[in-house]
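Following: one structure in structure tokens, then a few remarks.
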Amino acid sequence: MSGIGTAVADPPGGKEVRPARATALTSVLWALALPAALLLSAAVTQWSTWLGVVLVMATVACAGCLVGFAWKRAGAATLVCFGGFALTLFAGPAVYDGYMRTVGEPVDAVVTRVVDRDARRGPDMFCTVRELGGERRTYEVSQRENCWGQARPGDRVVLREDPLGLLGPRLPDGPDQGNTPEITLASTAGLTLLVTAGVLYGGLRRRP
């Protein structure tokens, strides 16, 4: 038997199938990773504002470079960057509200003071709240923790406290706040889908 083997030719289009699959796979991975990184960065802003802002800027810059320069899709890159910034504005409060509503520990408290520190630029509310039991700790709650003037000094409220101690306690919603948490959550979901679609489109339609 001779040592000469028979060469087998690649099937028609075989060389194009493998790169196409790799392109689709990397596009899907980036389309999942970048929105997840934005959501994580937005969540960090509720704990440390400056660290969260740095993470947001780095993630948006990475998305812009990837989609705009590496994949050469300027339109998709613009959509992803603007959508990413908007996403973090809604995602931070949505993550905080969802976390505190789900795992926050209810504590009875009383509002002792409500102040607006700078009415010239719009409401800048701060509520001073004291626990009624336990260690009787006193907290100063800002608008980030849902102090919007819905409580008055002397009102008894049920705070939601972070069991890990990383986030400030959250005041309960007032009757005038309506569906604000639901609107924030819906906006977060819609912007997440928008960013995901933009990255996926840019990846699948990338230019060499």
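Derivation of every value follows stated rules applied to the coordinates shown; laboratory data play no part. Treat the numbers as computed from the prediction; the structure is a model and nothing was measured. Note: ideal-geometry Cβ built from the backbone for every residue, glycine included; neighbour counts use all protein chains shown.
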Amide H contacts under 5 Å for Asp155, restricted to residues at least 5 apart in sequence or on another chain and with H modeled in the peptide plane, are Val111
In percent, what relative contact order does the chain have, based on Cα pairs under 8 Å that are 6 or more apart in sequence?
26 percent
Provide the packing ranking of 199-206, 128-135, i.e. peptides ordered by the mean count of other C-beta atoms within 10 Å per residue, highest first.
199-206, 128-135
Mind listing the lone cysteines of the chain, meaning no other Cys beta-carbon sits under 4.7 Å from theirs?
Cys62, Cys65, Cys81
Cα-Cα pairs of the chain separated by more than 23 Å (percent):
58 percent
Zone of Arg207 (label point 7 Å along Cα→Cβ, backbone N under 19 Å): which residues in the stretch 75-100?
75-81
Charged-residue dipole, Cβ positions (Lys, Arg, Asp, Glu), the stretch 35-158 about Cα centre, Debye nearest 20
340 debye
Ranked highest first by the average count of other Cβ atoms within 10 Å around their residues, in what order do 39-47, 64-72 fall?
39-47, 64-72
Relative to the compact-globule scaling 2.2 N^0.38 Å, provide the ratio for the alpha-carbon radius of gyration of the stretch 106-159.
1.12
Any idea which of Leu38, Phe69, Val157 is furthest toward the positive side of the dipole for the chain, if Lys and Arg beta-carbons carry +1 and Asp and Glu beta-carbons -1?
Phe69
Rounded to the nearest 20 Debye, what is the dipole magnitude of the chain about its Cα centre when Lys and Arg each give +1 and Asp and Glu each give -1 at the C-beta?
920 debye
The stretch 106-159: relative contact order as a whole-number percent, Cα under 8 Å and 6+ apart
45 percent
Under a plain spin-label model, where a point goes 7 Å from the Cα along Cα-to-Cβ, how far apart in nm are Ile183 and Leu164?
2.9 nm
Please check which bits of the stretch 161-181 a label hung off Phe126 would reach, taking the label as a point 7 Å along Cα-to-C-beta and the cut-off as backbone N under 17 Å.
168-171
